1. Can you give the Rg to Rh ratio of the chain, both from alpha-carbon atoms, with Rh computed by the Kirkwood formula?
2. Please give, to one decimal in nm, the separation of the simple spin-label points placed at Ser127 and Asp213, each 7 Å out from Cα toward the Cβ.
3. Would you please put 116-124, 219-227 in order of how densely packed they are, using the mean number of other Cβ atoms within 10 angstrom per residue and starting with the highest?
4. Where in the stretch 23-101 are there trypsin sites (Lys or Arg not before Pro) that are in a DSSP coil and have at most 12 other Cβ atoms within 10 angstrom of their Cβ?
5. Once each part is reduced to its C-alpha centroid, what is the distance from the stretch 241-270 to the stretch 398-445 in angstrom?
6. Calculated FRET efficiency, Arg317 and Phe89, Cβ-Cβ r, R0 56 Å, to nearest 0.05?
7. Output the pairs from Lys201/Lys453; Lys27/Lys77; Lys126/Lys235; Lys228/Lys453; Lys77/Lys241 with a Cα-Cα distance over 28 Å in this structure; if there are none, say none.
8. Taking the Cα centre of the stretch 288-418 as the origin and placing charges on Cβ (Lys, Arg +1; Asp, Glu -1), which of Ala379, His288, Ser326 is farthest toward the positive end of the dipole?
Amino acid sequence: MRVMAQMAMVMNLDKCIGCHTCSVTCKQTWTNRAGMEYAWFNNVETRPGQGYPRTYEDQEKWKGGWTRHPNGRLSLKAGGRLKNLATIFANPVMPSIQDYYEPWTYDYRMLTNAPLQEHTPVARPKSLISGKDMRITWSANWDDNLAGGPELATQDPVLRKMSEKVKLEFEQSFMFYLPRICEHCLNPACAAACPSGAIYKRSEDGIVLVDQDKCRGWRKCVTACPYKKIYFNHKTGKAEKCTFCYPRIEVGMPTVCSETCVGRLRYLGLVFYDADKVLEAASVEDEHDLLDAQRDLVLDPNDPEVVRAAESEGISRDWIEAAQRSPIWQLIHRFRVALPLHPEYRTMPMVWYVPPLSPVVDSVAQTGFDGEDGDNLFAAIESLRIPVEYLAELFTAGDPAPVTEALRRLAAMRSYMRDVNLGRENPDASVAEAVGMSVEDVHDMHRLLALAKYEDRYVIPAAHTEQAHRLEAIATGCSLDGEGGPGMGGPGSSGGKVGLGMPRLRPGSKR
Ligand code: SF4
Ligand code: SF4
């Protein structure tokens, strides 16, 4: 066993209200620069919908992620090493600017300088590429709240995979929001595809980064990433991606998207995994076994054998304790409600999601029945095929069983805690037993999902205590703002500056 540490995130989708605050604050911090206008390290998609860039989940088209061959070996879907090199000067399998969107601004001067006239002046959209007037037909959140609309639903690659019967039942429409960042995968296709060796996974915390000095702009990573979370900076000619806000993480602060999340739905923490088993787990034959293989990679930080192995790898005591307090392991293993996004891409993504129960609750409530009642919810989870099948295509390679298990556990928590909160004398413990949980488990899961305080949601050990002071000095500026860093792009189209000071929070300080 070779124990390594990974910073991971879980997002509880029931709580996302689609406000896009996370996207905006991330953009202000990291990509408010020329060349990166269309880049959203964090974006929030409406589901069902096409996502961003549009239809990125259609890997037959975009060739992202890994393919498993009959002999059990994995190769990049876009082609192995030889094909990769042969196509180095022409890599057509890449989203065009139309698949992202043509960035624009508005001619705001019209609003203030237009002469007195009968009609209110209009600020026309102007292309940030050509400077000419343009018609806006697509953008990073064009699907916003339009889930299931007849024009858009049919173009959703996830919906296309679902059975005809479910598609025909689509009038029982539902929607939810899916916030996305780079998955900081354990088996990152982006790094494997880079001919320059510019993409690396930090050994201390698993964050995947692009070395800006080494990047030669081949853009193979853009093709290889099945989540399309690498962006090409047209000004610097280099690839850029989500950095998991590593300058903040190093000093024990949460990522900007997490810290500013209005729904407080993001959880951050360390997990330990067995690095010797990653390839084996990513190569299992049946796609439905990928979830369990990925779960099994994440080790129990309280297991004495794991602790000993972590110590022998030089992982410090404070990091081991942080892994033991991590909300991530609890949500993945103890409560079994967190699931990875598209495990079938075989990159072993490390941003996990608690699937939303709300579409089921709403459906029950709309029929006039009690949407908080355990039996009603259990029955609805079994019978409502649309949410379950759709969520399974997102989180379990199409296997409905783990999604059903997670939703039933969430439903049991909802039902049991309502009894408690209403002061009923004998809350119905059988509802917890029916989903294989104890009453204590239900209370603990409720505490974590519904009540958790700042320090429970973010359990982030500082990089190394002996270096903390120096790292803190870096984080109060922007460590990417130096010569050769992605910050060299200069002021963005909106005039934003790079390297704005970080919030004056200190490890352990609260909102
Ligand atoms: S999600 Fe991130 S780490 Fe995974 S392949 Fe894409 S860019 Fe690389
Ligand atoms: S800030 Fe939080 S609630 Fe708002 S869209 Fe982002 S993830 Fe959802």
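Any read-out appearing in this document is the output of simple, stated calculations on the displayed coordinates, not a laboratory observation. Bear in mind the structure is a predicted one, so any value in this text is a computation, not a measurement. Positions of Cβ are backbone-derived with ideal geometry, glycine not excepted, and every protein chain shown enters the neighbour counts.
1. 0.97
2. 3.8
3. Per-residue Cβ counts within 10 Å, averaged per peptide and sorted highest first, yield 219-227, 116-124.
4. Hits after loop and neighbour filter: Arg73.
5. When both Cα centres are located, 29 Å separates them.
6. 0.65
7. Lys201/Lys453; Lys27/Lys77; Lys228/Lys453
8. Ser326
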